[in-house]
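What follows draws every value from the coordinates through simple rules; no lab data is involved. If you're wondering where the values come from, they're calculated on a predicted model, not measured in any experiment. Methodologically, a virtual Cβ is constructed for each residue, glycine included, from the backbone with ideal geometry; neighbour enumeration extends over all protein chains shown.
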Amino acid sequence: MSDQVRVRYAPSPTGHLHLGGARTALYCYLLARHTQGAFVVRFEDTDQTRHMESGIQSQLEGLKWLGIDWDESVDIGGPYGPYRQMERLQLYQPFIDKLIEEGKAYPCYCSEEELAQEREKQEARGETPLYSGKCRHLTAGQRERHREEGRKASIRFRVPEGLTIAFEDRVRGHVEFESDGIGDFIIVRPDGIPMYNFAVVLDDHMMKISLVIRGEEHLTNTPRQILLYQALGFDIPEFAHISLILNQDRKKMSKRDESIMQFVEQYRDLGYLPEALLNFIALLGWSPGGEEEIFSKAELIANFSVDRLSKSPAVFDTDKLNWMSNLYMKNADLNRVVELAVPHLQKAGYIPEQLDAPLRQWVESLVKLYQEQLSYAAEIVKLTELFFKEEPEFEEESKQILSEEQVPAVLNSFYAGVRDDEDFTPEGIKQLLKHVQKETGFKGKQLFMPIRAAVTGQTHGRDLDQTLYLLGKDKVLRRLSAFVR
Ligand code: GLU
């Protein structure tokens, strides 16, 4: 095996890029870039019932969006392709033949029903269901007879008895399994398609993978794979089984759980910044030590090490994600935030599909006013609602304020000022407010709160001058007029 670190992300492309998959891919990527190694993305597309093509595309797009690139895959090729299993079937055949020839694998003619019955009986006896080994010792004649009956054979691996299979996992440390707990398992289905545990070993071997990084849920597959490496006479790669991701209730995140958005695409569609999600995902099961949590991709690459992957499960904390995303959003280039926000404002029907220059300018100022509050771009819709509704919605607190004694005087004076202000610029608005203060003798909260409440329906918000300016003279006058006598 060469000294170069070679790692791979090997999804079954049955759907979009899941957060867990993205995390595996990210750790592989970071390690490959840290060590000047190679990152391979290959696809386990043997589940023919699903839409593999779109799954492959959406996985690659999701990775690309996150800022993860690869050195070998279906789109750019590489020295060890093809990079999807269905195109590799002929590469597997010699190994299947070899295992059968050497008596390490054998055809099994048991039908689904027979196997199910066997399992039921074992379960009824309180045993862990294991294949009985019924077809292990079939004679050539018996095999012939099964074939004549039209039975299709799967190929099973003959699991050696009485072995302890041990390995040093880079995350979990020393791990051991007994081979007696593993029944002879199927490596090739009756339709000739190899099963995961077999194909993954052949792929990892042929692609010279040096370290297998994958989710903890695969830990029990690893002894099966090690037995196959041994039977085939291959070097065994290292393994790093990364911890589970739990939801906020500390339960294993299940793909059906709707309390968490689990797919990278969902975050993209809401207008999260990819570098924020990347930073967040990186810390789900890895930390460089220390308090610091904000890392650019370059810093992640510089700091990454397998030894700092965590053994304990990671909890997916949406509040933390939003806190982190907000930090990125605040510091993002305004144009970028505008680009992300515009489609959401359009979807809400707030602004048209085509923006002329003045409207574009106005939208930019609006986004700028709220940029600091955003964790993701879609939040702009709720935050700016008051600019687009005919009438503001009045919060209870606003109603309270508007019933205060000084309100008519303040609003009358301000109304008259706005009416007579030709330009209605932010600077002019500042002057107007000063004028109202002078004229009525009210200042501070007593002055600003009623104006804000009357015009926005709210008691808190962004900078008042800028808010009034962006609302525009007509809207401000209209909203004030409801309180003016
Ligand atoms: N296709 C498997 C998965 O998506 C790959 C497991 C592995 O990395 O070995 O979980």
ask   = Using the alpha-carbon centroid of each, what span in Å lies between the range 447-485 and the range 139-174?
value = 76
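Show me the trypsin sites (Lys or Arg not before Pro) within the range 28-82 that DSSP assigns to loop and that have at most 13 other Cβ atoms within 10 Å of their Cβ.
In loop regions of the range 28-82 (DSSP not H, G, I, E or B), the sparsely surrounded trypsin sites (Lys or Arg not before Pro) are ARG50.
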ask   = What is the count of Lys pairs in the range 214-325 whose alpha carbons sit under 20 Å apart, if the two are 8 or more places apart or on different chains?
value = 5
ask   = Once you put a point 7 Å from the Cα of ILE76 and another 7 Å from the Cα of GLN4, both along the Cβ direction, what distance in nm separates them?
value = 1.2
remark   = Taking the alpha-carbon centre of each part, the distance from the range 200-240 to the range 1-51 in Å is 14
task = Kindly provide the GluC sites (Glu not before Pro) of the range 336-368 that DSSP labels as loop, not H, G, I, E or B, and whose Cβ sees at most 16 other Cβ atoms within 10 Å.
result = GLU353
inquiry  = If the reach is capped at under 23 angstrom between alpha carbons, list the lysines near LYS434, excluding any in the same chain fewer than eight residues apart.
reply    = LYS443, LYS445, LYS473, LYS475
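Percent relative contact order of the chain, based on C-alpha pairs within less than 8 angstrom and at least six residues apart?
12
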note = Most exposed first, judged by fewest Cβ atoms within 10 angstrom, THR164, THR440 run THR164, THR440
query = So which cysteines of the chain have no other cysteine's Cβ under 4.7 Å from theirs?
reply = CYS28, CYS110
ask   = In the chain, what percentage of the DSSP-assigned beta bridges are antiparallel, given to the nearest 5?
value = 55
query = lysines near LYS382 by alpha-carbon distance under 17 Å, same-chain residues fewer than 8 away left out - which ones?
reply = LYS347, LYS368
query = Which of the aspartates and glutamates could a cross-linker span from LYS134 if the Cα-Cα distance has to be under 13 Å and same-chain partners fewer than 8 positions apart are dropped?
reply = GLU114, GLU118, ASP184
message = Just to be sure I understand the model, the point goes 7 Å from the Cα along the line to the Cβ. What's the resulting GLU390 to ARG256 distance in nm?
response = 4.6
query = For the chain, what is the calculated [θ] at 222 nm in deg cm²/dmol (nearest 500), taking -39500 (n - 2.57) for each run of four or more DSSP H residues and dividing by its residue count?
reply = -14000 deg cm²/dmol
note = Cβ density ranking, 10 Å radius, fewest first, applied to ARG250, ARG170, ARG88, ARG478 yields ARG250, ARG478, ARG170, ARG88
message = Once you place label points 7 Å from the Cα toward the Cβ at ASP307 and LEU327, how far apart are they in nm?
response = 2.6
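Out of every Cα pair in the range 298-407, what percent are spaced more than 20 Å from each other?
For the range 298-407, the share of Cα pairs beyond 20 Å comes to 59 percent.
Counting pairs of alpha carbon atoms under 8 Å apart in space and at least six apart in sequence, what relative contact order in percent does the range 327-452 give?
It comes to 23 percent, rounded to a whole number.
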key: Net lengthening on full extension, LEU219/ALA116 (0.36 nm per residue, minus Cα-Cα)   = 34.6 nm
Tensor-based shape of the range 1-106 (alpha-carbon gyration tensor, a/c under 1.5 rounded, otherwise prolate or oblate) = oblate
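When a/c reaches 1.5 or more, the comparison of a/b and b/c decides; with that in mind, is the range 140-204 rounded, prolate or oblate per its Cα gyration tensor? If you can, show how the numbers build up before the last one.
On the way: a/c = 4.56, a/b = 2.01, b/c = 2.27.
Since a/c reaches 1.5 but b/c is at least a/b, the shape of the range 140-204 is classed as oblate.
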query = Relative contact order (percent) for the range 58-199, with alpha-carbon contacts under 8 angstrom and 6 or more residues of separation?
reply = 20
query = Sorted from fewest to most neighbouring beta carbons within 10 Å, what does the list PHE167, PHE95 look like?
reply = PHE167, PHE95
ask   = Where nothing but the Cβ of Lys and Arg (+1) and of Asp and Glu (-1) is charged, how large is the charge dipole of the chain around its Cα centre, in debye to the nearest 20?
value = 160
